[in-house]
Amino acid sequence: MTADLGYGMTLIALGLAVYGGVAAGAGARTGRLALIESAQHAALGVFVLVTSCFALLTYAFLTFDFSVRYVATNTNLGTPFYYRITGVWGALEGSIILWSWMLALYTIILIVRHRVGARELYPWALATMLGILAFFLLVMTVAAPPFQRQAPVPADGRGLNPLLEDTGMITHPVALYLGFTGFTVPFAFAMAALITGRIGDTWLVLTRRWTIVAWYFLSLGLLIGGWWSYHVLGWGGYWAWDPVENAAFMPWLTGTAFLHSVMIQERRRMLRLWNISLVILTFGLTLFGTFLTRSGVIASVHAFTQGSIGILFLGFLALVLLTALGLVAWRWETFRSEGELDSVVSRESAFLLNNVLLVAAAFTVFFGTVFPLLSEAVRGVKVSVGAPFFNQVNIPLFLSLVFLMGVGPLIAWRRASLDNLKRNFLWPVALGIAAAAAAFALGVRSLLAALTCATTVFVAATIAVDFTRATRARLRVGESLLPAMGGLMLRHNRRYRGFVVHLGILIIALGVMGSHAWSVQTETTLHRGETAELAGYRFRFDGLTAVEESNHFKVVGAFTVSNGRVLGVLRPAKKFYPQEQAPIAYVDYRLGLREDLYLVLGDFARDGSQATIKLQVNRLVSWIWIGGVVLTLGALLAILPERHKSV
């Protein structure tokens, strides 16, 4: 019953999406409002049906309906209630239904927000959204049906991937997919602008907040993914340049470039072709990331093992890019900017260089990700591209980008004078140099660490200079201190809330630098009662205990941690799942502003007399999560409207 009902609703939703896309396009072309209204009703029907499918699949998980193959594959009778819910999107078919639901939700919000105020662009944007939604519904009905029957019905299921039994799995995929699908809206309006020939600023104004929303969720998804990697996988890091991590990072880079270059088009009527191209590239990279994750062409702890839909995604990606680039070629003559670059030393040049570096970083990540696949296809040998390549190429790019974060907002438009440069950058540069000297005096011998300190202090100083100068100006007109500072955030949203985002990135940069430059680790075998020392900490092995959980068995170690006084007991463990051949590590850790203590249990004696452990003291890692909170807070604030104008 569940399988038949769900599959039937999916088929009807597919039919409505196809009809709605055709009707919206026909209505836009002929000017018949009845067709556009009919497309809106079809979109509403799709949303209701996909929501019902999602709810029905969730119900099947909660009630252990093993007649549905997807349920039997991703849960079992021992799966706790919480993880039965996250199991809904824990594998291929469920992720597609979650993706489709989010896309349908964005389509409804688009209808509510823009059906009145954007008559020329809105119908084509709606047609594009419904066309993309139709593709995902096609995948749900043909290549990855979540309601496929299973006979005979098993008495128990296989169970969820143990690595996904974590609280992060209810937030990480949701945030990531909201970011991926959110970039569909700017793409849809960009296509509408190309189709109608209205490639001015209108589509940018309509999509600015949409883009920030998508960027916010994608940033949040990346940060939660880093935290999941840090505290679940047991390797002690948070970013491994894994292909699936890269697949989510690439559209973040190009989306960041677009958010910055939009300001140049709005202010100077420049970079129209560049902005359209960035939107196309960003949306294309979200599809490419989906292809990588679900095609089976890569091996990753993040990837889905099934590869049946890879060819569909690759074909759809090719169709999207060919159509978009064809429209760009068709409107080529209209991409004539009204403004020109007046000087290399200007805000336009700084923003343009920022864009070039972001796209260069995205290309580097793309090349390193696909090179093993290309090598295998051409030579028959898969060459691995690891973290050293990505770090060596991207770290200089990222440091340059951080430096430009300080230059771009303060340098003058059109042409910066010597007085402008001196007034805005003399003290920040001096403070940056002083920070590098102080780091050297404190014993920092890493050139990269010293440069990072100098650059972050320089950018923080430019933010302080700008904010202090603006606050003083408001004080001179009679405002008190706190209202003056708050007024900057409310009335100058994009600039000062953008500074909050920049501040978050600075904190993250310091955390990344510290964790790479000063973290230490060791691996040792201890007998009960013995201690190991690392970076001034003592770890005493107190013994092992066995614990039976609802769906697994685990062996837990007890290690007393002290540094002159007892700090507590850490309890790393090994989890043994019936459906898994190898045990799963359970990490225990103690977080701190200066450093984290991180323990992973390795081999152990069955009688509990000895255990092998990996000990790590990870410096400044917590700053990454603090910076992430600041960054996402700034992005969240930037979504709010400014007081002095409506958007």
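The values are calculated or read from the model by the stated rules, or taken from the named source; none is laboratory data. If you're wondering where the values come from, they're calculated on a predicted model, not measured in any experiment. Note: ideal-geometry Cβ built from the backbone for every residue, glycine included; neighbour counts use all protein chains shown.
Could you say which residue among 281, 312 is farther than 30 Å from residue 626 by Cα, assigned to a helix (DSSP H, G or I) and modelled with pLDDT under 95?
Only one candidate passes the filter, namely 312.
Go through 338, 348 for me and flag whichever is within 27 Å of residue 260 (Cβ to Cβ) and at pLDDT below 80.
None of the others qualify; the one that does is 338.
Any residue at all in segment 393-413 that is over 30 Å from the mean Cα position of the chain (by Cα), surrounded by fewer than 18 Cβ atoms within 10 Å (Cβ to Cβ) and either of a type outside the set (D, E, K, R) or in a loop (DSSP other than H, G, I, E, B) (or both)?
Scanning segment 393-413, I find at least one residue that is over 30 Å from the mean Cα position of the chain (by Cα), surrounded by fewer than 18 Cβ atoms within 10 Å (Cβ to Cβ) and either of a type outside the set (D, E, K, R) or in a loop (DSSP other than H, G, I, E, B) (or both), so the answer is yes.
Give just the number: which of (1) among the aromatic types (Phe, Trp, Tyr); (2) assigned to a helix (DSSP H, G or I); (3) over 25 Å from residue 181 (Cα atoms) does residue 64 not satisfy?
Status for residue 64: all satisfied but (2).
Residue 116 fails exactly one of the following numbered conditions: (1) touching a residue at least 40 places away in the same chain (Cβ under 8 Å); (2) farther than 29 Å from residue 583 by Cβ; (3) over 24 Å from the mean Cα position of the chain (by Cα). What is the number of that condition?
Going through the list (1) touching a residue at least 40 places away in the same chain (Cβ under 8 Å); (2) farther than 29 Å from residue 583 by Cβ; (3) over 24 Å from the mean Cα position of the chain (by Cα), residue 116 breaks only (1).
In the set 222, 253, which member is without any contact (Cβ under 8 Å) to a residue 60 or more places away in the chain and closer than 20 Å to residue 364 by Cα?
None of the others qualify; the one that does is 222.
Rundown of residues vs (1) more than 16 Å from residue 283 (Cα to Cα); (2) part of a helix (DSSP H, G or I); (3) not basic (Lys, Arg), yes/no style:
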site: 228; (1), (2), (3): yes, yes, yes
site: 231; (1), (2), (3): yes, yes, yes
site: 238; (1), (2), (3): yes, no, yes
site: 245; (1), (2), (3): yes, yes, yes
site: 255; (1), (2), (3): no, yes, yes
site: 259; (1), (2), (3): no, yes, yes
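Among the residues of segment 509-542, count how many are among the small types (Gly, Ala, Ser) and free of Cβ contacts under 8 Å to residues at least 24 places away in the same chain.
The number of residues fulfilling the criteria is 1.
Could you pull out the residue among 519, 562 that is closer than 30 Å to residue 633 by Cβ and either among the small types (Gly, Ala, Ser) or in contact with a Ser or Thr (Cβ under 7 Å, 6 or more places away or on another chain) (or both)?
Result of the check over 519, 562: 519.
At pLDDT below 85, more than 30 Å from residue 193 (Cα to Cα) and either hydroxyl-bearing (Ser, Thr, Tyr) or assigned by TED's automatic domain parsing to the domain that holds residue 143 (or both): does that describe residue 229? So that I can check it myself, show each step before the final result.
Details: at pLDDT below 85: no; more than 30 Å from residue 193 (Cα to Cα): yes; either hydroxyl-bearing (Ser, Thr, Tyr) or assigned by TED's automatic domain parsing to the domain that holds residue 143 (or both): yes.
Taking the combined requirement at face value, the residue does not satisfy it.
What number of residues within segment 432-449 are crowded, with 19+ Cβ neighbours inside 10 Å and either out of contact with any Phe, Trp or Tyr (no Cβ under 6 Å at 6 or more places or on another chain) or not in a helix (DSSP H, G or I) (or both)? Please lay out each step first, then the result.
Applying the first criterion (crowded, with 19+ Cβ neighbours inside 10 Å) to segment 432-449 yields 432, 435-436, 439, 449.
Checking the rest, the ones that are also either out of contact with any Phe, Trp or Tyr (no Cβ under 6 Å at 6 or more places or on another chain) or not in a helix (DSSP H, G or I) (or both) come to 435-436, 439, 449.
Of the residues in that region, 4 qualify.
Provide a single number: the residues in segment 499-529 that are among the basic types (Lys, Arg) and assigned to a helix (DSSP H, G or I). Break it down stepwise before answering.
Step one: of segment 499-529, the residues among the basic types (Lys, Arg) are 528.
When the remaining residues are screened for being assigned to a helix (DSSP H, G or I), the result is none.
Qualifying residue count, segment 499-529: 0.
Got a number for residues in segment 356-383 being more than 27 Å from the chain's Cα centre (by Cα) and hydrophobic (A, V, I, L, M, F, W, C)?
First, pick out the residues of segment 356-383 that are more than 27 Å from the chain's Cα centre (by Cα): 375-382.
Right, trim to hydrophobic (A, V, I, L, M, F, W, C) and you get 377-378, 381.
The total comes to 3.
Rundown of residues vs (1) in contact (Cβ under 8 Å) with a residue 40 or more places away in the chain; (2) more than 16 Å from residue 8 (Cβ to Cβ), yes/no style:
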site: 32; (1), (2): no, yes
site: 35; (1), (2): no, yes
site: 40; (1), (2): yes, yes
site: 55; (1), (2): no, no
site: 62; (1), (2): no, yes
site: 72; (1), (2): yes, yes
site: 78; (1), (2): yes, yes
site: 89; (1), (2): yes, yes
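Quick one: in segment 347-371, of everything that is in contact (Cβ under 8 Å) with a residue 24 or more places away in the chain and either polar (S, T, N, Q) or farther than 30 Å from residue 416 by Cβ (or both), which residue is surrounded by the most Cβ atoms within 10 Å (Cβ to Cβ)?
Once the filter is applied, the top-ranked residue is 369.
Please find, within segment 225-260, the residue that is surrounded by the most Cβ atoms within 10 Å (Cβ to Cβ) out of those that are within 19 Å of residue 162 (Cα to Cα) and of a type in the set (Phe, Trp, Tyr).
Only one residue fits best here, namely 230.
Run down 151, 155, 134, 104 and say which single residue is over 18 Å from residue 19 (Cα atoms), of a type in the set (Gly, Ala, Ser) and in contact with a Leu (Cβ under 9 Å, 6 or more places away or on another chain).
155
For segment 26-57, which residues satisfy the criterion of being surrounded by 18 or more Cβ atoms within 10 Å (Cβ to Cβ) and under 23 Å from residue 142 (Cβ atoms)?
Within segment 26-57, 42, 43, 45, 46, 47, 49, 50, 53, 54, 56, 57 qualify.
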